[in-house]
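Report on the following structure.
The values are calculated or read from the model by the stated rules, or taken from the named source; none is laboratory data. Because the structure is predicted, anything quoted here is derived from the model rather than measured. Heads up, the Cβs are rebuilt from the backbone with ideal geometry, glycines too, and the neighbour counts pull from every protein chain shown. Protein only, heavy atoms only, side chains kept; ligands, DNA and RNA dropped before computing areas. Shrake-Rupley method; radii C 1.70, N 1.55, O 1.52, S 1.80 Å.
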Amino acid sequence: MNLGKFTLRYRPHTLKLKHVFTVASASRSTTPTVLTELEFNGVIGYGEAAMPPYLGESEESVLAFLDKVDLSPFNDPFLTADILRYVDSIAPKNTAAKAAIDIALHDLLGKIMGQPWHRIWGFNPANAPHTSFTIGIDTPEMVRQKVQEAAPYKLLKVKLGLDTDKQIIETIREVTDKPLCADVNQGWKNKEEALEMAHWLADRGVIFLEQPMPTEQVDDNAWLTENSPIPTIADEAVQRLADVRKAFGVYNGINVKLMKCTGMREAHQMVELARALDMKVMLGCMTETSCAITAAAQLSPVVDWADLDGALLTSNDVYRGMEIVDGKITLPGRPGIGIIPV
């Protein structure tokens, strides 16, 4: 038994984006994060909560949640199910705040065991996929510039959902023939028009549609999935483990994000359930430091697609971890999640 005492520390950090980031619903140039450290018997694990506006969390809400965390009843870091069940019970939602604890605990445990998490889970790092690089909604001139900046990446992710959708795709196609994935962020409202766009996009090298219509349009999304020439992936419609089964038959796959699902433990469970249901799996992120990105990347060898460019879009990352080599995710061999503060 690993008897000892946990110490939890945390501090706010504002991530600055290299470009203003626009999706169908909003624009922003910064993302608030809270960085955590979980120490046990002199070993420190690092974690993070990243809060893009649509999650409903803020720096204040995360700090308030973390203030309530009392790990004094626990003296063994290997009791992850008990510890994370307690953390989840403190308050509903607050998934990013919970992820900050989960990631730090996994990092701590991996360091105690002396192994990276992809090895603990039995995943081959050579199977990690290429990551997509995200092109936000912008003017044609800026879209061209962003595509040129994304030259090292083999797959581009394009934000759609406004009346400029075709213009953005045509602009990208002027400068590259790389495969594209389209993230509509619930921007389409009519299923017939969505299907027409799906065919138009498929003819232009788009390989899947992410959250094409609002989550509440369940029947419309299911109809689109049944008729679409390319797969549909649930993002906003799938937050946590219980949502995976609800998405079965409505979408072809799911997008797993640590900030939505409370961290690495539940993300792993979501991937396994989706695979059992023969669904596609995408691994996504928010705007995050290399801490949360590298934590998510530990799952990357067993997913179909990865969109782990969140740290690449920022100008003030505070960790070094997962690297992109010729567009491909390259996992660090260091124990835990494998990050180093810089």
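Assorted remarks:
- Think of the chain as a dipole: +1 on every Lys or Arg Cβ, -1 on every Asp or Glu Cβ, centred on the Cα centre; then among Ile120, Phe21, Ala97, Ile120 lies furthest on the positive end.
- Pairs from the list Lys5/Lys260; Lys93/Lys280; Lys16/Lys146; Lys111/Lys260; Lys18/Lys189; Lys159/Lys191 with a Cα-Cα gap above 21 Å: Lys5/Lys260; Lys93/Lys280; Lys111/Lys260; Lys18/Lys189.
- Cα centroid separation, region 177-252 to region 289-314 (Å): 22
- Per DSSP, loop GluC sites (Glu not before Pro) in region 166-233 with at most 13 further Cβ within 10 Å: Glu216
- Amide H contacts of Lys18 (H built 1.01 Å from N, under 5 Å, at least 5 apart or other chain): Thr314, Ser315
- Under the simplified labelling scheme, the Ala276-Asn190 pair shows an inter-label distance of 4.1 nm, with each label point 7 Å from Cα along Cα→Cβ.
- With Cα atoms, 0 to 90° folded angle of helix 264-276 axis to the chain main axis: 50
- Whole-number accessible area per residue in Å² for region 205-261, which is evaluated in the context of all protein chains at 1.4 Å: 34
- Max mean-square fluctuation residue, GNM over the chain, Cα-Cα springs under 10 Å, options Pro92, Pro52, Pro129: Pro92
- The angle separating the long axis of helix 80-89 from the principal Cα axis of greatest extent in the chain is about 70 degrees.
- Going through (1) 80, 41, 39; (2) 60, 39, 39; (3) 90, 59, 43, the figure that equals Cα extents along the principal axes in Å as computed for the structure here is (2).
- Using only side-chain charges placed at the Cβ, +1 for Lys and Arg and -1 for Asp and Glu, the dipole size of region 73-150 relative to its Cα centre rounds to 80 debye.
- Within the listed set Leu195, Leu162, Leu79, the residue fluctuating most in the Gaussian network model of the chain (springs between alpha-carbon atoms under 10 angstrom) is Leu79.
- Other residues with beta-carbon under 14 Å from the beta-carbon of Gln145 carry, at +1 per Lys or Arg and -1 per Asp or Glu, a net charge of -1.
- Selection from Leu195, Asn316, Asn41 lying farthest towards where the dipole of the chain points positive, charges on Cβ: Asn41
- When the chain is described by a simple charge dipole with +1 on each Lys and Arg Cβ and -1 on each Asp and Glu Cβ, the residue from Gly333, Ser58, Val256 located farthest towards its positive end is Gly333.
- Computed 3J(HN,Hα) for region 156-172, one whole-Hz value per residue from the Karplus formula 6.51 cos²θ - 1.76 cosθ + 1.60 where θ = phi - 60°, is 10, 10, 10, 7, 10, x, 10, 7, 9, 3, 5, 4, 5, 5, 5, 5, 4, glycine and proline marked x.
- Relative to the Cα centre, the charge distribution of region 244-342, modelled as +1 at Lys and Arg Cβ and -1 at Asp and Glu Cβ, gives a dipole magnitude of about 300 debye.
- Rounded to the nearest Hz, the phi-derived 3J(HN,Hα) couplings of region 246-254 under the Karplus curve 6.51 cos²θ - 1.76 cosθ + 1.60 (θ = phi - 60°) are 5, 7, 5, x, 9, 10, 7, x, 10, where x marks glycine and proline.
- J(HN,Hα) series, region 305-313, from Karplus relation 6.51 cos²θ - 1.76 cosθ + 1.60, nearest Hz, glycine and proline x: 9, 10, 10, 10, 9, x, 6, 5, 7
- Put a plus charge on the Cβ of each Lys and Arg, a minus charge on the Cβ of each Asp and Glu, and nothing anywhere else: the dipole of the chain about its Cα centre is then about 820 debye.
- When shorter helices are ignored and each DSSP H run of at least 4 residues is given -39500 (n - 2.57), the per-residue value for the chain at 222 nm works out to -10000 deg cm²/dmol.
- Other-chain or far-sequence residues with amide H under 5 Å of Lys280's (modelled H): Gly253, Ile254
- Nearest 10 degrees, 0 to 90: helix 191-202 Cα axis against the chain principal axis: 90
- Other-chain or far-sequence residues with amide H under 5 Å of Glu48's (modelled H): Thr36, Ala100, Ile103, Ala104
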